[in-house]
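Undergrad: Provided herewith is a single structure, encoded as structure tokens, for subsequent inquiry.
Each value in this text was obtained by applying a stated rule to the coordinates, not by laboratory testing. Because the structure is a prediction, the values reported are computed rather than measured. We place every Cβ from the backbone using ideal geometry, glycine too, and count neighbours over all the protein chains shown.
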Ligand SMILES: [Ca+2]
Ligand SMILES: [Ca+2]
């Protein structure tokens, strides 16, 4: 029996890892920022090189973010946030930070330096943005630059062409109070230019400039580590006058069409079939040992992922492996399938 239990445990773990992969992270992504510089008014440069291994004073609200090797790393697993009315979910990993004196009453300039990682289609994108509340809140506005590589289905909800593009966007949003999504979100200003992967010859720099007297944002970006900058976008003057503090956001948030239902990948299916075979083997041996000679029902079946609500695995009548209901983050076995 020990010979059987070892591979059973192995495939059990493989199955859990696959379920965790499918349900916990629809996308695999990793973006890195090498540093960021903020200048407020005539003040000194405030520079963060992400080089002390400690994320603070940046705060991450969603997903996976950490400092490593002199970089801010934003990667999967992110946290899903529905964009209501747009038919997409974004899988977000993010960090935010307030820089000293960074108020909308002051001029400021934010320059972020991202490693030259080309986002993978059909959903990946990363962004640097400036966030501030509108009125007394909870409405927020964000303005920023994005490098995205969206497929047709992922780009259409934004009214943008697909492919590798730099996007300048102004976002109006009302975040949910106790959930990662939004009550409402819209894009009152949206512009983009196509980029060829070959144009990216060095670090990608995003620069956002706020001119307080004009209440106006302008942007520029570099695809060659700051050797040259391009500014193809028109200035943006937000319609909703805001005041007070602004924070900087660094975000990686692959876009997923809502219709993209998670499914077991090939490795998971293989592990599952082998697991079923092993379960049948274990059960038949037990039946023979006990002398019960029970007929094994032929209808060992896997009823599949019931969208994202749960997993049901039914093998005959005697060995019922069932896990139903919400599947929280499958944390290595605490919420595992039970025999
Ligand atoms: Ca660095
Ligand atoms: Ca740090």
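Undergrad: If we only count strands (runs of 3 or more DSSP E) wholly inside the range 66-172, which ones have 1 or more residues that are more than 19 Å from the chain's Cα centre (by Cα) and under 15 Å from residue 251 (Cβ atoms)?
TA: In the range 66-172, 108-114, 140-150 are the strands (runs of 3 or more DSSP E) which contain 1 or more residues that are more than 19 Å from the chain's Cα centre (by Cα) and under 15 Å from residue 251 (Cβ atoms).
Undergrad: Okay, moving on. Just wondering, is there one or more residues in the range 98-111 that are within 14 Å of ligand 2 (Cβ to nearest atom) and surrounded by fewer than 20 Cβ atoms within 10 Å (Cβ to Cβ)?
TA: No, the conditions are met nowhere in the range 98-111.
Undergrad: Filter the range 27-50 down to residues that are over 21 Å from the mean Cα position of the chain (by Cα) and either away from ligand 2 (no atom under 11 Å from the Cβ) or surrounded by fewer than 14 Cβ atoms within 10 Å (Cβ to Cβ) (or both), then give me how many there are.
TA: Summing the residues that are over 21 Å from the mean Cα position of the chain (by Cα) and either away from ligand 2 (no atom under 11 Å from the Cβ) or surrounded by fewer than 14 Cβ atoms within 10 Å (Cβ to Cβ) (or both) in the range 27-50 gives 11.
Undergrad: In addition: Looking at the range 58-87 only, could you name the residues that are at negative phi and within 16 Å of ligand 1 (Cβ to nearest atom)?
TA: Scanning the range 58-87 gives 58, 65, 66, 67, 68, 71, 72, 73, 74.
Undergrad: For the range 153-163, give me the residue count where each residue is surrounded by fewer than 18 Cβ atoms within 10 Å (Cβ to Cβ), touching a strand residue (DSSP E or B) at 6+ places or on another chain (Cβ under 8 Å) and at negative phi.
TA: 4
Undergrad: Restricting attention to the range 192-203, does a residue exist that is under 27 Å from residue 111 (Cβ atoms), surrounded by 15 or more Cβ atoms within 10 Å (Cβ to Cβ) and free of Cβ contacts under 8 Å to residues at least 40 places away in the same chain?
TA: yes
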